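Trainee: To start, I am sharing the structure in question, which I have written as structure tokens.
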Amino acid sequence: MFSFNMFDHPIPRVFQNRFSTQYRCFSVSMLAGPNDRSDVEKGGKIIMPPSALDQLSRLNITYPMLFKLTNKNSDRMTHCGVLEFVADEGICYLPHWMMQNLLLEEGGLVQVESVNLQVATYSKFQPQSPDFLDITNPKAVLENALRNFACLTTGDVIAINYNEKIYELRVMETKPDKAVSIIECDMNVDFDAPLGYKEPERQAQHEESTEGEADHSGYAGELGFRAFSGSGNRLDGKKKGVEPSPSPIKPGDIKRGIPNYEFKLGKITFIRNSRPQVRKVEEDDAGGRFVAFSGEGQSLRKKGRKP
């Protein structure tokens, strides 16, 4: 018979520990090497030493690797991913904007812990400068920049590089949690008004609404030919019902504006609320106008006694 105790051996560290250690942090510009690592500044990932990879491989962690960074002196925290494990032992390299959020100086201590974050569904950003409005398609620019990020934390001020200019955006809100993972996610993005942005003031309307309506009564005398505007004559000589019934005035028939005979090249003059003066018709000119049906008629039958 064989008997054994399954609890004789200690439980492996893979089930009892999580990654948690302290490093001295430096900005990416302090990273030694011939290669330019400016790509680290454009994202939200850090560079850790090879010993961290060896320790993480022995632990029961989920992938992708996400970490919580904490500055215990200022009680500030953020979240990030890892880009490479090539830093010197005891040192990690952070983007400059991340060190500003944590209020860390060169060589300061930062606590690094492995965490599991929920996948993001919504995030809201506030640009820290009105210059962000000059971008034609800000959502497309932000989507392309967030490809270098692994997670977002509410309250952080992230930095994105576009057209050789750095734009800072504050993370105002994230769902479903205050810290979320944005790797392979379908996230809705919204923007708040930029910091320092002022709505353009609308010009006060000094003119009353009644003045804005066109008054066509003063333009009737300026019209030229109008159909059926003459008076008629009856065959029986009576004057009843011969008054003219002119057609209604159409907006297209109204002459708007007076030519500016003092026009000078390069100068524009606007004359508002001006009405052409009604020309006075003299009595002498009235007789020279054409009057319809004003001729005399002739009868075939002559009036007189029958023979």
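Listed here are the residues, each with its yes/no results for (1) free of Cβ contacts under 8 Å to residues at least 24 places away in the same chain; (2) more than 27 Å from GLU173 (Cα to Cα); (3) of a type in the set (Asp, Glu); (4) assigned to a loop (DSSP other than H, G, I, E, B).
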position	(1), (2), (3), (4)
ASP39	no, no, yes, no
LYS68	no, no, no, no
LEU83	no, no, no, no
VAL86	no, yes, no, yes
CYS92	no, yes, no, no
VAL110	no, no, no, no
PHE125	no, no, no, no
PHE132	no, no, no, no
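Trainee: Go through region 43-73 and give me each residue that's under 21 Å from SER27 (Cβ atoms) and in contact with a helix residue (DSSP H, G or I) (Cβ under 8 Å, 6 or more places away or on another chain).
Mentor: Within region 43-73, GLY43, GLY44, LYS45, ILE46, ILE47, LEU69 meet the criteria.
Trainee: Of the conditions (1) open to solvent by less than 80 Å² (accessible area, probe 1.4 Å); (2) assigned to a strand (DSSP E or B), VAL141 fails just one. Which one is it?
Mentor: The one condition VAL141 does not meet is (2).
Trainee: Which residue out of SER51, SER74 is small (Gly, Ala, Ser), without any contact (Cβ under 8 Å) to a residue 40 or more places away in the chain and farther than 19 Å from ARG170 by Cβ?
Mentor: SER51
Trainee: I'm trying to understand the selection: among the residues of region 144-160, which are farther than 13 Å from CYS80 by Cβ and assigned to a helix (DSSP H, G or I)?
Mentor: Those that are farther than 13 Å from CYS80 by Cβ and assigned to a helix (DSSP H, G or I): ASN144, ALA145, LEU146, ARG147.
Condition check ((1) on the phi > 0 side of the Ramachandran plot; (2) modelled with pLDDT under 90; (3) open to solvent by 20 Å² or more (accessible area, probe 1.4 Å); (4) in contact with a strand residue (DSSP E or B) (Cβ under 9 Å, 6 or more places away or on another chain)) across all residues:
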| position | (1), (2), (3), (4) |
| --- | --- |
| SER57 | no, yes, yes, no |
| VAL82 | no, no, yes, yes |
| GLU89 | no, no, yes, no |
| LEU109 | no, no, yes, yes |
| VAL112 | no, no, no, yes |
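Trainee: Are there any pairs, at least 6 apart or on different chains, whose C-beta atoms fall under 9 Å, with the first in region 139-151 and in contact (Cβ under 8 Å) with a residue 60 or more places away in the chain and the second assigned to a helix (DSSP H, G or I) and open to solvent by 10 Å² or more (accessible area, probe 1.4 Å), and if so, which?
Mentor: Every condition considered, the pairs that remain are ALA145/LYS42; ASN148/ASP39; ASN148/LYS42.
Trainee: Would you check if VAL171 is without any contact (Cβ under 8 Å) to a residue 24 or more places away in the chain and open to solvent by less than 30 Å² (accessible area, probe 1.4 Å)?
Mentor: Here the answer is no, as VAL171 does not meet what is asked.
Trainee: Now for a different question. Here is a check on your reading of the model: is ILE135 surrounded by fewer than 19 Cβ atoms within 10 Å (Cβ to Cβ) and outside the structural domain of GLY43 (by the TED database)?
Mentor: In short, yes.
The values are calculated or read from the model by the stated rules, or taken from the named source; none is laboratory data. Please read these numbers as outputs of a predicted model, since none were measured by experiment. FYI the Cβ positions are ideal-geometry reconstructions off the backbone, even for glycines, and counts take in every protein chain you see. The protein model used for the area step is the full one, side chains on, heavy atoms only, and it has no ligands, DNA or RNA in it. Shrake-Rupley method; radii C 1.70, N 1.55, O 1.52, S 1.80 Å.
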